[in-house]
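Derivation of every value follows stated rules applied to the coordinates shown; laboratory data play no part. Keep in mind that what you see is a predicted model, and the values were worked out from it rather than measured. Note that each Cβ is placed from the backbone with ideal geometry, even for glycine, and that neighbours are counted across all protein chains shown.
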């Protein structure tokens, strides 16, 4: 049998080892980080019963870590609940949604950008108007969860960055 007739590649074995402690690197918990909005779109759940702003933000001036400025222009992203602006009352009918608690972060974000909160319309023009603007936020950590077989949320032990406490850019 010639080399051309072999049905697969023969590769050298690579021993990777234990991956148990491999985790995504996340930014440190930080207050008042200046962020520049590079992209803005709408995120929604698979069923469409929740909608939120999906922002790609760049850390404008970096974060001070042990006397050194790091993470300048590093990208961070909002999750659907960070800036949630819509919850279908037919499916999201708990008191938390009925009392509009899901809108608090979005309201704070709008006020931080000096946008009118009395007649909010999310459309292409609104999203384009966000690009290039700057805002301040706190970076916190939130533990990821997944639904188990019974539908209950279980913590995974993995953390992600969460943006909150939106303020006007200084």
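A few notes on this one:
- Here residue 116 clears all of (1) free of Cβ contacts under 8 Å to residues at least 24 places away in the same chain; (2) within 21 Å of residue 37 (Cβ to Cβ); (3) surrounded by 13 or more Cβ atoms within 10 Å (Cβ to Cβ); (4) touching a helix residue (DSSP H, G or I) at 6+ places or on another chain (Cβ under 9 Å) except the condition numbered (3).
- Scanning the stretch 78-95 for residues that are surrounded by fewer than 18 Cβ atoms within 10 Å (Cβ to Cβ) and touching a residue at least 24 places away in the same chain (Cβ under 8 Å) gives 79, 80, 81, 86, 88, 90, 91, 92.
- Residue count for the stretch 92-107, restricted to those that are more than 16 Å from residue 165 (Cβ to Cβ) and within 23 Å of the chain's Cα centre (by Cα): 5
- For the stretch 69-170, the strands (runs of 3 or more DSSP E) that sit wholly inside it and include 3 or more residues that are over 19 Å from residue 25 (Cβ atoms) are 84-87, 134-147, 153-168.
- Restricting 54, 75 to those that are touching a residue at least 24 places away in the same chain (Cβ under 8 Å), touching a strand residue (DSSP E or B) at 6+ places or on another chain (Cβ under 9 Å), exposed (fewer than 14 other Cβ atoms within 10 Å of the Cβ) and within 21 Å of residue 141 (Cβ to Cβ) reduces the list to 75.
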